[in-house]
Amino acid sequence: MHLKSEWPTIKNKLQQEYTHLTDEDLTYVAGKDQELVSRLQSKLGKSQVTIVTMLNAL
């Protein structure tokens, strides 16, 4: 995934679309992409593939 360099923009887009996501839900640590994906899966009720596809599309 391309998260590191574009994370602030991606985070803003996610917060706009999913207003119930908190800053804690959207905390990104470089190299720990899977932790972020797991949190988003839990909060959004979507599959891992769907989350990864969504993040890559933003």
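No value in this document is a laboratory result; all are computed from the given coordinates. Nothing here was measured: the structure is a model prediction, and the numbers come from that model.
Remark on the chain: hydrodynamic radius 11.3 angstrom, per the Kirkwood mean of 1/r across alpha carbon pairs. Its relative contact order, with pairs defined as Cα atoms under 8 Å and 6+ residues apart, puts the chain at 38 percent.
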